[in-house]
Structure formats: structure tokens, C-alpha cells
1. How much of the DSSP beta bridge set in the chain is antiparallel, as a percent to the nearest 5?
2. Would you mind pulling out the separation of the Cα centroids of region 85-115 and region 194-222, in Å?
3. Test of understanding: extend the Cα→C-beta vector of N156 to 7 Å, then name every residue of region 91-116 with backbone N under 18 Å from that spot.
4. Which of the three applies to region 67-151, rounded, prolate or oblate, going by the alpha-carbon gyration tensor with a ≥ b ≥ c and a/c under 1.5 meaning rounded?
5. Binning at 10 angstrom from zero up to the longest distance, how are the C-alpha pair distances of the chain distributed in percent?
6. If R0 is 30 Å, what FRET efficiency do you get for T170 and R198 from their C-beta distance, rounded to 0.05?
7. As a test of the formula, what do you get for the chain when each DSSP H run with n ≥ 4 contributes -39,500 (n - 2.57) and the sum is divided by the residue count, at 222 nm and rounded to the nearest 500 deg cm²/dmol?
8. Short version: ³J(HN,Hα) in whole Hz for each residue of region 64-77, in order, from phi by Karplus 6.51 cos²θ - 1.76 cosθ + 1.60 (θ = phi - 60°), x for Gly and Pro, what are they?
Amino acid sequence: MTRFAVISFPGSNCDDDCVRVVNEVVGETGYKVRHDERTLDRADVVLLPGGFSFGDYLRCGAIARFSPIMDAVRAFAAAGGPVLGICNGFQILTEAGLLPGVLRRNVGLSFICEDTFVRVEGRQTAFTNGLEPGSVLKLPIAHNEGNYFADDETLNRLEGEGQVVFRYCTERGETGLPGRPAAPNGAARDIAGVSNVRGNIVGLMPHPERCCEPLLGGVHGRQLFDAVLRTIAGDGGPL
């Protein structure tokens with residue numbers, strides 16, 4: 001059984017969702033690891049879930065990056081272990097310097113909760129292993145600070161290195177339409193998710209764990225969990 005460690009910070013509210021999906025939908029082993037622990041208990045995959053870690057004081061993810069467990073997450077990632085940051089987890093990964101860029105307030109300065117479409121981009125990562133480039137996933141978002149930002153030099157490097165993993169788009173996969181930005185939050189270049197150079201760390205604002213069962217309106221999120229299982233099994237992927 002593949003072991004998924006789900007990091008639980010004060011204010012996390014999607015940690016139980018992630019554990020449930022891993023255990024009851026994907027059929028693997030999911031368990032929570034508290035923010036003040038120092039080991040990942042033989043994890044094969046690490047998930048940083050959504051929520052409002054430490055109340056999003058200072059900046060979203062700014063305090064969580066100093067949690068004791070983050071040293072173990074850094075070591076796990078440095079050894080090539082697959083790490084996925086979802087929403088607040090993505091914010092934590094950028095604050096910790098494990099992913100480039102920052103997440104700023106949404107362009108409308110309001111919380112957004114809706115279904116979005118994202119296009120699979122770039123080169124394959126631990127969590128897009130086997131996904132067809134250009135394919136479109138329908139995934140929900142729920143955030144106030146999902147506006148991805150980086151300077152032009154960084155954005156050009158991410159594009160050139162294939163580190164833009166997901167991009168907001170229309171249902172038909174379109175981006176860059178005149179007067180119709182695909183990113184509801186104002187994200188630079190419609191970026192919804194990025195990876196590190198190695199491809200074992202991925203962060204995205206949409207919530208795949210909320211879209212793994214037909215009862216919840218879709219199953220596209222399941223593809224990310226299946227992808228990392230292929231990676232762990234050695235079936236393609238960057239690791």
C-alpha cells in the first residue's frame with residue numbers, strides 16, 4: 001500500500017478530505033501528520049492540504065513554513081519524494097521556497113468558490129504522469145489568495161523549463177481570449193499550478209480531492225492521485 005502523509009496545520013480544513021479520498025476512493029493508506037511532528041512516518045507521498053493555516057496571519061502560508069514538520073518535508077522532497085500542495089498547501093510551498101512565485105489576493109479582492117477548467121501543461125511531473133498534454137480537467141477552486149505572481153524573468157524560465165503544470169482555460173482548453181481572462185483570480189499567464197525543476201513537487205490552487213467521486217460532481221481530480229501512483233510504481237514520470 002502506498003502511504004500518503006497529509007500534513008495538518010492549525011487551520012487546515014481539507015486534511016480530512018484528503019485522507020478520506022486516499023483511503024476510501026483511491027484505496028491506499030492516508031494518514032494525518034501534525035504540524036509539530038518531525039517525521040513523516042515512512043511516507044511515500046506527502047500532501048499539504050487546503051485551509052487557512054495559522055489563520056493566514058501575516059500572509060497565507062507565511063507562518064506554516066516554520067512548522068517543525070516542514071524540515072521533514074524539505075528533506076523528503078530533496079530526496080525526490082513526491083509532494084503535492086493544494087490551495088493553502090501551494091501557498092505554503094511558495095513561502096517555504098520549495099516552489100517559485102507567490103500567491104496574492106484575488107484580483108477582485110473577494111473570495112472565489114466555483115468550478116474551473118485547467119489545461120495540463122509543461123513536462124510530466126509526479127502528479128501528471130500519464131496525463132495527456134493539453135487535456136482539460138474540471139476542478140473546483142475556493143480561495144481568496146490564488147492570484148499567482150512572479151516577475152517576467154521567472155515566468156519566462158518556468159515556461160521554458162516546462163514548470164507551468166496547470167493553466168486556467170475555457171471548457172474547450174482556450175486561453176488568452178481577448179477580454180476574457182481564463183484565470184478568475186487574475187493569476188499571471190493564467191497559471192493554476194507549477195512544479196519545481198525536478199518535477200517531484202507540484203502546487204496548484206484547484207482542489208483535486210474535492211473532485212474524485214461522481215456524487216461530488218466529477219472525477220477529474222482522481223487523475224492526479226492515479227498519476228502519482230504510476231510514478232511510485234516506476235511507470236514513467238520524472239522520479
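1. 60
2. So the separation of the two Cα centres works out to 14 Å.
3. Within reach of a label on N156: 101.
4. On the way: a/c = 2.03, a/b = 1.14, b/c = 1.78.
Oblate shape, in that a/c is at least 1.5 and b/c is the bigger or equal ratio.
5. 8, 36, 40, 14, 1
6. 0.45
7. Values: 5 runs with 45 residues, N = 239.
Per the formula, -5500 deg cm²/dmol.
8. 4, 4, 8, 4, x, 5, 5, 5, 5, 5, 4, 5, 4, 5
Where a number appears in this text, it was derived from the coordinates with a stated rule and is not lab data. Since the structure is predicted, the reported quantities are computational estimates derived from the model, not experimental observations. Every residue, glycine as well, gets a Cβ built from its backbone with ideal geometry; the counts of neighbours run over all protein chains shown.
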